[in-house]
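Comments concern the structure below.
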There are 2 protein chains.
Amino acid sequence: MMVLGVLVASWCARGLAFAPAAPAASARGAPLAAQVRKVGIVGGGTVGGGIVEILERRREQLVAATGGVGLEVKAVVVRDAAKARDWTAPPGCVVTEDLEAVLGGDRRGSYGPVDFVRSGGDRFAHTGDDDVDLVVEVMGGTTLAKDVVFRALRAGKDVVTANKALIADCLPEIEAVVAEANAAQGAGAPRVQFGYEAAVCGGIPIIHTMNTDFVGDEVTRLRGIMNGCTNFMLTKMEAEGLSYADCLAEATALGYAEEDPTLDVGGFDARSKLAILVRLAFGVDVDETLISCTGIAGLETIDFEYARGQLDGTIKLLGVAELDGAGGLTAYVTPALVPRGATLASISDATNAVEVASRNLEASLFVGRGAGRFPTANSCVSDVVACARGALPEPFAKKVGGVAFRSDFESFFYIRIRYRNAIGIVKALGEICARHDVSIDSLLQKPHSDYFVVVTEAGPRSRVEKVAADVEAEAWCVGDVFFMPVATQE
Amino acid sequence: MMVLGVLVASWCARGLAFAPAAPAASARGAPLAAQVRKVGIVGGGTVGGGIVEILERRREQLVAATGGVGLEVKAVVVRDAAKARDWTAPPGCVVTEDLEAVLGGDRRGSYGPVDFVRSGGDRFAHTGDDDVDLVVEVMGGTTLAKDVVFRALRAGKDVVTANKALIADCLPEIEAVVAEANAAQGAGAPRVQFGYEAAVCGGIPIIHTMNTDFVGDEVTRLRGIMNGCTNFMLTKMEAEGLSYADCLAEATALGYAEEDPTLDVGGFDARSKLAILVRLAFGVDVDETLISCTGIAGLETIDFEYARGQLDGTIKLLGVAELDGAGGLTAYVTPALVPRGATLASISDATNAVEVASRNLEASLFVGRGAGRFPTANSCVSDVVACARGALPEPFAKKVGGVAFRSDFESFFYIRIRYRNAIGIVKALGEICARHDVSIDSLLQKPHSDYFVVVTEAGPRSRVEKVAADVEAEAWCVGDVFFMPVATQE
C-alpha cells in the first residue's frame with residue numbers, strides 16, 4: 001500500500017516526486033530525507049557495531065551528503081541474538097539470527113525505465129517495505145560470507161564488505177558475479193554496486209582513490225606498510241631493542257594481531273592486501289600464493305643495529321609491486337631496509353601507509369589507521385553513502401590485460417650471516433657470490449661481533465637466495481642466513 | 001535528426017537503448033562507448049594541454065572506468081588561436097577564441113523523467129550535436145573565469161575547475177549557483193555537478209576524500225604543507241643554509257613560484273587552500289582575510305640553526321584549522337617549528353601534505369605534488385570521469401553551521417630576538433612577558449650569538465604579538481622580533 005501510494009503521488013505530481021517517500025526519517029526528527037535506503041548488516045561485532053553507531057550519530061550530515069537519502073538500518077544479523085552488545089539497535093531495526101532478514105526480497109528484473117521514473121527516480125521504491133536494499137557484510141570468513149555476498153549481489157542488492165580474505169581469495173569470481181548481476185538489471189535500471197573500501201588498509205581510502213583518482217593515470221610502482229601488527233612490532237624492536245617474541249606478545253595483548261598471528265608476522269595479511277591493490281593499480285589478476293612472501297620472524301635485534309648504525313635506515317615490512325619496464329610486473333612482501341630519509345621510515349606503530357608512483361601524479365602517499373572499530377566502520381559507511389548516491393566507482397575500474405606477472409624481483413640486498421672463526425671465510429663467500437653472479441657492494445662488520453653483513457649490488461632475489469643456501473652449507477656458518485632488499489629512498 | 005533517431009530507437013527497443021548513441025567513438029577505433037560526453041575546455045595552457053593529452057592517452061581505460069561513456073573534447077577555448085601549442089587537438093575538436101563553442105546550448109528545463117527515459121538514460125542525448133555537456137575551466141583568474149563557470153552552471157552543464165582563487169573568493173556564491181542550477185533541473189533529471197579537485201593541493205585527492213570518506217566522520221584538526229614553492233625554499237634553507245633571497249630566486253627559476261611570489265611567500269596561496277578545506281572539513285564558511293596569515297619572509301638562517309640544534313625540529317609553513325572543544329574553530333597560516341619525529345617534518349621540496357585528525361579515522365595523512373601540469377590535469381580528469389558517471393560527490397557535502405570562527409589561536413611559541421649588550425635584558429623581558437600573561441618555558445642561546453630565543457608555554461598568539469611589540473620598543477632590541485608556534489608531534 002505504501003509503495004503504491006508513492007507511485008501514484010509521483011506520477012500525478014512530478015515536481016513533488018522526491019518529497020513524500022520518507023516517513024521513517026521524518027517521524028524521528030531527522031532532516032527531511034526525500035528517499036530511504038534500507039540497510040542490512042551481517043555481523044554485529046566490533047565493526048558492525050561501529051557502523052550502526054556512525055549511521056546514527058551522523059544521521060543528519062549523511063542526508064546532506066547523499067543529497068537527500070535517509071539511511072535506515074533495518075536488520076543486523078548476528079550469530080547469537082541473545083548476546084549482550086556494546087551498541088544499541090536503532091528504532092525499527094531487528095537484531096536477528098535469520099539471514100533472510102537481509103537477504104529476503106529481490107530487486108532484479110522488475111526494473112525498467114518506466115518503473116524507475118514512476119517512482120520519482122527512487123530506485124528502490126518498488127521493493128517490499130521491509131526488504132533490504134543494501135547489504136553490509138562484516139562477519140568475516142570466506143564460506144558463509146561468500147554465500148551472503150553472492151546471494152545479495154544476485155538479488156540485485158548493493159553490497160559493502162570489509163572482508164579482505166574473501167576478496168583476495170575470490171577476486172575474479174566476485175568481478176564476474178558483479179558483472180552478471182548488472183547484466184540482469186533492466187536497461188535504465190541502476191547498477192548493482194559493490195564496495196570494499198574497508199578491506200584494504202582499514203581507514204585509508206585507497207580503494208576509492210585507485211578507482212577514481214588514478215583512472216586517468218598509469219601506476220608504475222606501489223609500495224607500502226600494509227600490516228599494523230608487524231609495524232607496531234618493528235617500531236618496538238627498533239626503539240626499545242626488544243626481541244621479536246616480546247614484541248609479538250605485546251602486540252597480541254593490545255589486540256593488534258590477527259586471531260592467527262601467522263597471518264601478520266608471516267606477511268600473509270599484507271600479501272592479501274597487495275594482491276587486491278595489484279588488481280586495482282595495474283589491472284593484473286594474480287594468484288596471491290605466487291607473490292613472494294617473507295615475514296618478520298627471521299629478524300633479530302642485530303639487524304636493527306646494522307640498519308641504524310651502519311646503513312642509516314630502519315626496517316619495515318613492505319608490500320611492493322612494480323612494473324619492470326618490459327611489460328612485466330613484480331610483486332612481493334618482505335622486510336626491507338628503508339633509508340632514514342624516506343617518508344615510509346617515519347611511519348610508526350600500527351599505522352599503515354601506501355605510496356604510489358605514477359605517470360601523472362608522480363608521487364603520492366596515503367597514511368592512516370590500518371584497522372580498528374571506527375576506522376574500518378568509517379570506510380564501510382563511506383561505501384554505504386556512495387551506494388545511496390548510486391555513485392560508488394566501478395569496483396575494478398582498471399581493465400585486466402597487457403601486463404605479465406613474474407615472481408622474481410631485483411634489488412640491492414642486505415645479507416646477514418652469523419659465523420664462527422675460521423680461515424678462508426671471505427674467500428668462500430666471494431666464490432659463492434661469483435658462482436651465482438651476485439656482485440658485492442660492501443662488507444660490514446661491527447667490532448667484536450659474531451655477525452657480518454653483505455650489501456649486494458642490484459640483482460635478482462633468486463640469486464641471493466642461492467647465495468644464502470650455499471653459505472648456510474658452509475661449516476663456518478651458524479644458523480640461518482637472513483636477507484632482505486634495501487629499499488630506495490623515493 | 002541524429003537525436004530524434006536515438007529517441008525513436010530507444011523507445012522502440014528498450015533493451016538496446018544504451019547501444020546506438022556513440023558514433024564518434026566507434027568511428028575512431030576506440031572501444032565501444034555506449035554514450036558520449038562532450039567536453040569543452042576553457043584554457044589551452046599547461047593544464048589544459050595536459051587534460052587533452054590524458055584524455056587521449058587513456059581513452060580506452062576511461063571508457064571502462066566510466067562504465068561505457070566516451071569522453072570527447074569538442075572545443076578548447078584559448079586567448080590566441082594562432083599561437084603554437086605543445087599539444088595536439090584530437091580529431092573533431094576545435095581550437096577557438098570563441099567562448100560560445102563551449103557555453104552554447106542549454107541543458108536546462110527540457111528534462112523531465114520521460115525525456116530522460118526516452119533517451120535510454122543518456123542524460124545528454126537531447127542536446128544539440130555540437131553542444132558541450134561539461135565545461136572544464138582552466139584559464140585562471142576571477143573575472144572572466146567566474147562568468148564562464150557561472151554561465152555554464154546556469155545552462156545546466158557540469159563544471160570542472162582548477163581555479164583555487166575563484167573558489168576561495170566566491171565559495172558561498174558558487175554554492176548558491178550550484179543549488180540554483182539544480183533546482184532548475186526537472187524532477188528525475190540528473191544533478192548539475194561541480195568539481196574542483198585540482199584547485200587545492202593539485203595532485204592530492206583531498207577534495208574527493210573530504211566529500212566521500214569523511215562524510216561519516218568528524219574532523220577535529222586539519223593541518224598541512226599547502227604551498228610547494230615555500231616548502232621547496234624551506235627545504236633548501238635548512239639543508240644548504242642558503243638565505244631566503246637565494247632560495248626565492250631558485251624557486252622562481254624552477255617555476256615553483258606563482259606569477260606574483262608574494263602569494264607564495266606571504267602565505268596567501270596556502271590561506272586560500274586552507275579556507276576551502278575549512279569549509280569542507282568543518283562546514284565553516286570563513287572570509288579568508290580573517291584567517292591569521294604569516295609568511296616566511298621573516299625567517300633567517302639562525303632560526304634553522306636553533307630548530308635543528310636546540311629544538312630537534314625543522315621549520316615548515318603550515319596551514320592549520322582546529323576545533324577548540326567549545327564550539328569554536330581557529331585557523332591560521334604560519335611558519336612553525338615542527339618536531340623531527342612528525343611525519344610532516346619529512347615532507348621536502350615542492351611536495352604538499354594534508355594531515356587530518358578525526359573521530360573515526362583518528363589520524364590520516366595525504367601527500368602528493370601540489371602543482372605541475374600532469375598532477376593538476378590528472379585531478380581535472382578524475383572530476384571529468386566522475387561527472388560522466390553522474391557520480392561526483394556533493395561539492396560541499398558538509399552542511400554549514402554550529403561552529404564559530406575565531407582568529408586567535410593557542411600554542412607554544414618560539415620567539416627569536418636580536419639584541420645588543422645591555423644591563424637588565426632578562427629583567428625587562430621577564431616584565432614584558434608577565435605584563436601580557438605569557439609564561440616562559442625556556443630561554444635558549446647559542447654561544448657567541450647576537451640572538452636569543454624564548455620558548456613559551458601554551459597561550460594565545462595575541463599575547464605573544466604584544467610581547468613582540470613591547471620587546472621591539474626596547475633600546476637593546478635590534479630589528480624585528482620573529483615568532484612562530486611550535487607544532488605538536490601528532
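The values are calculated or read from the model by the stated rules, or taken from the named source; none is laboratory data. What you see is a predicted model; the values in this text were computed from it and never measured. Note that we place each Cβ from the backbone using ideal geometry, even for glycine, and neighbour counts take in every protein chain shown.
Of the residues A:8, A:52, which is modelled with pLDDT of 95 or more, assigned by TED's automatic domain parsing to the domain that holds residue A:159 and either within 17 Å of residue A:101 (Cβ to Cβ) or part of a helix (DSSP H, G or I) (or both)?
Details: A:8 fails: modelled with pLDDT of 95 or more.
After ruling out the rest, the residue left standing is A:52.
Go through (1) touching a Phe, Trp or Tyr at 6+ places or on another chain (Cβ under 9 Å); (2) of a type in the set (S, T, N, Q); (3) at pLDDT 95 or above and name the single condition residue A:185 misses.
All conditions are met except number (3).
For segment A:409-490, which fully contained strands (runs of 3 or more DSSP E) count at least 1 residues that are without any contact (Cβ under 8 Å) to a residue 24 or more places away in the chain?
Output list reads A:440-444.
Checking residue A:171 against (1) of a type outside the set (Val, Ile, Thr); (2) within 19 Å of the chain's Cα centre (by Cα); (3) at pLDDT 95 or above, only one condition comes out false. Which one?
Residue A:171 satisfies every listed condition except (3).
What are the residues in segment B:177-211 that are among the aliphatic types (A, V, I, L, M) and in a loop (DSSP other than H, G, I, E, B), if any?
Matches in segment B:177-211: B:187, B:189, B:192, B:200, B:204.
(1) touching a residue at least 60 places away in the same chain (Cβ under 8 Å); (2) under 25 Å from residue B:151 (Cβ atoms); (3) surrounded by fewer than 24 Cβ atoms within 10 Å (Cβ to Cβ); (4) in contact with a Lys or Arg (Cβ under 7 Å, 6 or more places away or on another chain): which one isn't true of residue B:218, the others all being true?
(2)
Results for (1) crowded, with 21+ Cβ neighbours inside 10 Å; (2) in contact with a strand residue (DSSP E or B) (Cβ under 8 Å, 6 or more places away or on another chain); (3) outside the structural domain of residue B:33 (by TED's automatic domain parsing), shown as yes or no for each residue.
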residue: B:310; (1), (2), (3): no, yes, yes
residue: B:325; (1), (2), (3): no, no, yes
residue: B:337; (1), (2), (3): yes, yes, yes
residue: B:362; (1), (2), (3): no, yes, yes
residue: B:374; (1), (2), (3): yes, yes, yes
residue: B:381; (1), (2), (3): yes, no, yes
residue: B:390; (1), (2), (3): no, no, yes
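Listed here are the residues, each with its yes/no results for (1) more than 22 Å from residue B:415 (Cβ to Cβ); (2) at pLDDT below 95; (3) among the aromatic types (Phe, Trp, Tyr).
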| residue | (1), (2), (3) |
| --- | --- |
| B:255 | yes, yes, no |
| B:272 | yes, no, no |
| B:277 | yes, no, no |
| B:283 | yes, yes, no |
| B:306 | no, no, yes |
| B:309 | no, yes, no |
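Yes or no, residue by residue, for (1) in contact (Cβ under 8 Å) with a residue 40 or more places away in the chain; (2) over 11 Å from the mean Cα position of the chain (by Cα); (3) within 14 Å of chain A (Cβ to nearest Cβ):
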| position | (1), (2), (3) |
| --- | --- |
| B:198 | yes, no, yes |
| B:207 | yes, no, yes |
| B:237 | yes, yes, no |
| B:244 | yes, yes, no |
| B:265 | no, yes, no |
| B:276 | yes, no, no |
| B:288 | yes, yes, no |
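So, of the residues in segment A:57-74 that are within 14 Å of chain B (Cβ to nearest Cβ) and of a type in the set (Lys, Arg), which turns out to be farthest from residue B:391 (Cα to Cα)?
That would be A:57.
Under the condition of being more than 10 Å from chain A (Cβ to nearest Cβ) and of a type in the set (A, V, I, L, M, F, W, C), which residue from segment B:209-225 is nearest to residue A:383 (Cα to Cα)? Reasoning before the result, please.
Quick first cut of segment B:209-225, residues more than 10 Å from chain A (Cβ to nearest Cβ) only: B:210, B:219-225.
Now restrict to residues that are of a type in the set (A, V, I, L, M, F, W, C): B:210, B:219, B:222, B:225.
On the way: B:210: 14, B:219: 18, B:222: 23, B:225: 29 Å.
Looking at the filtered set, the residue picked out is B:210.
Hey, among A:189, A:181, A:257, which residue is surrounded by 19 or more Cβ atoms within 10 Å (Cβ to Cβ) and more than 14 Å from chain B (Cβ to nearest Cβ)?
On the way: A:189 fails: more than 14 Å from chain B (Cβ to nearest Cβ); A:181 fails: more than 14 Å from chain B (Cβ to nearest Cβ).
Exactly one of A:189, A:181, A:257 is surrounded by 19 or more Cβ atoms within 10 Å (Cβ to Cβ) and more than 14 Å from chain B (Cβ to nearest Cβ), namely A:257.
Just to be sure I understand the filter: pairs with C-beta atoms under 7 Å, separated by 6 or more residues or on different chains, first member in segment B:362-375 and under 26 Å from residue B:254 (Cβ atoms), second member acidic (Asp, Glu) and assigned to a strand (DSSP E or B). Which pairs pass?
Pairs that qualify, where the first residue is under 26 Å from residue B:254 (Cβ atoms) and the partner is acidic (Asp, Glu) and assigned to a strand (DSSP E or B), are B:365/B:355; B:369/A:362; B:375/A:362.
Out of all the residues in segment B:382-406, which are of a type in the set (Lys, Arg) and in a loop (DSSP other than H, G, I, E, B)? Step through it out loud before you land on a result.
So in segment B:382-406, the residues of a type in the set (Lys, Arg) come out as B:389, B:398-399, B:406.
Correct list: B:389, B:398, B:399.
Of all residues in segment A:327-369, count the ones that are in a loop (DSSP other than H, G, I, E, B), within 11 Å of chain B (Cβ to nearest Cβ) and not charged (D, E, K, R). I'd like the intermediate steps shown before the answer.
Keep residues of segment A:327-369 that are in a loop (DSSP other than H, G, I, E, B), which gives A:327, A:340-342, A:347-350, A:359-361.
Subsequent filtering for residues that are within 11 Å of chain B (Cβ to nearest Cβ) retains A:340-342, A:347-350, A:359-361.
The next check asks that each one be not charged (D, E, K, R); those that pass are A:341-342, A:347-348, A:350, A:360-361.
Within segment A:327-369, residues that are in a loop (DSSP other than H, G, I, E, B), within 11 Å of chain B (Cβ to nearest Cβ) and not charged (D, E, K, R) number 7.
Quick grid of which residues meet (1) surrounded by fewer than 19 Cβ atoms within 10 Å (Cβ to Cβ); (2) out of contact with any Asp or Glu (no Cβ under 6 Å at 6 or more places or on another chain); (3) within 14 Å of chain A (Cβ to nearest Cβ):
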| site | (1), (2), (3) |
| --- | --- |
| B:55 | no, yes, yes |
| B:76 | no, yes, no |
| B:79 | yes, yes, no |
| B:88 | yes, yes, no |
| B:102 | no, yes, no |
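In segment B:370-395, which residues are farther than 18 Å from residue B:201 by Cα, among the aliphatic types (A, V, I, L, M) and within 7 Å of another protein chain (Cβ to nearest Cβ)?
Once the filter is applied, which keeps residues that are farther than 18 Å from residue B:201 by Cα, among the aliphatic types (A, V, I, L, M) and within 7 Å of another protein chain (Cβ to nearest Cβ), segment B:370-395 yields B:385, B:386, B:391.
Can you go through B:238, B:197 and tell me which one is touching a Cys at 6+ places or on another chain (Cβ under 8 Å), crowded, with 18+ Cβ neighbours inside 10 Å and either among the charged types (D, E, K, R) or not assigned by TED's automatic domain parsing to the domain that holds residue B:278 (or both)? Reasoning before the result, please.
Values: B:238 fails: touching a Cys at 6+ places or on another chain (Cβ under 8 Å).
Exactly one residue qualifies, and that residue is B:197.
Determine whether segment A:396-416 contains at least one residue that is more than 9 Å from chain B (Cβ to nearest Cβ), surrounded by 24 or more Cβ atoms within 10 Å (Cβ to Cβ), more than 19 Å from residue A:193 (Cβ to Cβ) and touching a Leu at 6+ places or on another chain (Cβ under 7 Å).
Scanning segment A:396-416 turns up at least one residue that is more than 9 Å from chain B (Cβ to nearest Cβ), surrounded by 24 or more Cβ atoms within 10 Å (Cβ to Cβ), more than 19 Å from residue A:193 (Cβ to Cβ) and touching a Leu at 6+ places or on another chain (Cβ under 7 Å).
Consider residue B:278 against the criteria (1) surrounded by 23 or more Cβ atoms within 10 Å (Cβ to Cβ); (2) out of contact with any helix residue (DSSP H, G or I) (no Cβ under 6 Å at 6 or more places or on another chain); (3) not in a helix (DSSP H, G or I): it satisfies all of them except one. Which criterion is unmet?
Just one mismatch for residue B:278, condition (3).
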